[in-house]
Structure formats: C-alpha cells, structure tokens
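Participant: Quick one: the structure is below, questions incoming.
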Amino acid sequence: MKITVIGAGAIGGNLAAKLAAAGHDVQVPNARGPEAVRAEVLESGARAADLADAVQGRDVIVLSIPFGVADQLAELFASVPEETVVIDTSNYYPGMLGEPIKAVDDGQVESVYTAELLGRPVVKAWNAALAETQRAKGVPAGTPGRLAIPVAGDSEEARRVAMRLVDDTGFDPYDAGTLADSWRQQPNSPAYCTELTLDELPAALAAADRVKDVAVRDSLPERFATLPAAPTVDDVVEMNRAAHR
C-alpha cells in the first residue's frame, strides 16, 4: 500500500520503518523539510518527503503527532480523498504532554475529538502499546504469545485496512468496534500498554471504567516515581497492570 506517516518520533518512526520493511511504499514528511527526517527512520526503505506532496495519492495516512494539534493539518487534509484511510495513534495526557482540553476532560472520546479537529473520520490504532513494545516485541503471525493491538473506527473497511497493517507490524489486530468505543483503549485503561494477547485483550477492553481509568492516568507521575531510575519496558508494563488489580 501507499502509506504516509506524519510524525517520525518514537512511534511514528518505528511504524514507518516496520511498514516499509513489510513491503509498503512509505513516505515520511517533516514540517521542517525532508532533510529533517532521521536517517534511522529511512533505513528500511521509507522515503523522506514534503508534507504537502506526501498526503496526495496515498492509500493510508498515519498521524503520529501530539494530541490536540490535528487542526493544524485540517486545511491540508481538505484536499485528501475521502477513501484515504487516516489512522490516529495519539493519546491525551493533560498537563504532561500538552495543555488540558476541556472537551476531552468533559468526556469526549480522544479520537472523536481528533476527527473533529482534522475534519474527517479517523481510525484509532497503535496507541495502546508502548513505543518500545512496538519496536522490539512484534513477531510473525502465528507465533505463540503474540501481543495484540486494538483497532477502532466507524468504517468497517477502514478498520480492516488498519488491522492488516497492525498485523504487518508484528501484532495481532483486534476489532475494537466504533470510534465512540475507543475510550476503552485510552490511557490508562486495562488494555492500555499492558501487553496482552488476542485471548486476553477483549476482557481488558470490557473492564474499562471511564472514571477509574482517568484517575489511573492522572496518577502516572506518582506511580512512575516508584520505578527504578532507568525503568525497563517490563517495569512500565507491570506498573500499568498493577493499577488494575
């Protein structure tokens, strides 16, 4: 597929590299110009590109940008065809990764808010796994114990596309329903960054509690302070699991 990944940080850069390695035609734009894309992101065959050119003629656009800034791309996306699948990987951490957003604090689902800012539907995927989990723990389909990633969106076809790509990055995709249901994979739900298999993920999504999960999310600085000075990905996953026991 022809894929553009906007945002080449820890998650976006990893996705660009993995999707290119899986045989997809991947472009990676940077607002500061193609030369600003890190070399390691391009090692698997992804290509740096200009932002305006990189959203045209693509099958999929992955948004791996900070939460709450999608409106900065709305004018650009006004010319993107409706059939292009847009995937949102972002998460909301008020006061830690950005300013509080009243609509989301009042209960609007994160990716529903992002879709409104962008002016078009999105699919939620790759948000519920740590960047290091995504980088290091993807394995071929059929491998025992393969970890799963939830995918939510209103278009069944767009969900299917996103699920195929999740599989290509080394994880079992799970159909998590509509975008309105994607709050079940937001920070810090039982399904969020807890490294679950396809057999375990449905129960974790079902156990989500909007009030409790927001409280767990907001307690992250205090919980993180109890970890070793240089926590491993397993330390963080266990911390997230323990919050729901």
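Participant: Using only the alpha-carbon atoms, how far is helix 156-168 inclined from the longest principal axis of the chain? Give it as 0 to 90 degrees, nearest 10.
Facilitator: Long axis of 156-168 versus the principal axis of the chain: about 80 degrees.
Participant: Multiply the residue separation of ALA103 and GLU83 by 0.36 nm, subtract the distance between their alpha-carbon atoms, and state the gained length in nm to one decimal.
Facilitator: 4.4 nm is the gain from fully extending ALA103 to GLU83.
Participant: Along the stretch 108-118, what does the Karplus equation 6.51 cos²θ - 1.76 cosθ + 1.60 (θ = phi - 60°) give for ³J(HN,Hα), rounded to whole Hz, x for Gly and Pro?
Facilitator: 5, 5, 3, 6, 5, 4, 4, 4, 5, 4, 6
Participant: Which value does Rg/Rh take for the stretch 141-230 over its C-alpha atoms, Rh per Kirkwood?
Facilitator: Rg divided by Rh gives 1.02.
Participant: For the stretch 1-103, run through the trypsin sites (Lys or Arg not before Pro) and keep only the ones in DSSP coil with at most 12 other Cβ atoms within 10 Å of their Cβ.
Facilitator: ARG32
Participant: In Å, what Kirkwood hydrodynamic radius results for the stretch 88-245 from the alpha-carbon pair distances?
Facilitator: Result for the stretch 88-245 stands at 15.9 Å.
Participant: Please give me, ordered by residue number, the GluC sites (Glu not before Pro) of the stretch 109-150 that lie in loop per DSSP and have at most 14 other Cβ atoms within 10 Å.
Facilitator: none
Participant: Next question. Probe radius 1.4 Å, ligands and nucleic acids ignored: give me the carbon and sulfur share of the accessible area of the chain as a rounded percent.
Facilitator: Solvent-exposed carbon and sulfur of the chain make up 54 percent of the total.
Participant: I've got another one for you. If Lys and Arg each add +1 and Asp and Glu each add -1, what is the summed charge of the other residues whose beta carbon sits under 14 Å from the beta carbon of GLY7?
Facilitator: +1
Participant: At 1.4 Å probe radius, can you tell me the per residue accessible area of the chain in Å²?
Facilitator: That works out to 45 Å² for each residue.
Participant: How high is the relative contact order of the stretch 1-115, given as a whole-number percent (alpha carbon pairs under 8 Å, six or more residues apart)?
Facilitator: With pairs under 8 Å counted, the relative contact order is 24 percent.
Participant: Can you tell me the length gained on complete extension of the stretch LEU76 to THR197, counting 0.36 nm per residue apart and subtracting the Cα distance?
Facilitator: Stretched fully, the LEU76-THR197 segment lengthens by 39.8 nm.
Participant: Can I ask one more? For helix 10-21, what angle does its Cα long axis make with the longest principal axis of the chain, in degrees from 0 to 90 and rounded to 10?
Facilitator: It is inclined by approximately 60 degrees.
Participant: So, one more: Which far-off residues, 5 or more places away or on another chain, put their amide H under 5 Å from the one on ILE87, with H placed in the peptide plane?
Facilitator: ILE61, VAL62, LEU63, VAL123
The values are calculated or read from the model by the stated rules, or taken from the named source; none is laboratory data. All figures in this text were calculated on a predicted structure; none of them were measured in a lab. Methodologically, a virtual Cβ is constructed for each residue, glycine included, from the backbone with ideal geometry; neighbour enumeration extends over all protein chains shown. We work out accessible area using only protein heavy atoms, side chains counted, and drop any ligands, DNA or RNA first. Shrake-Rupley method; radii C 1.70, N 1.55, O 1.52, S 1.80 Å.
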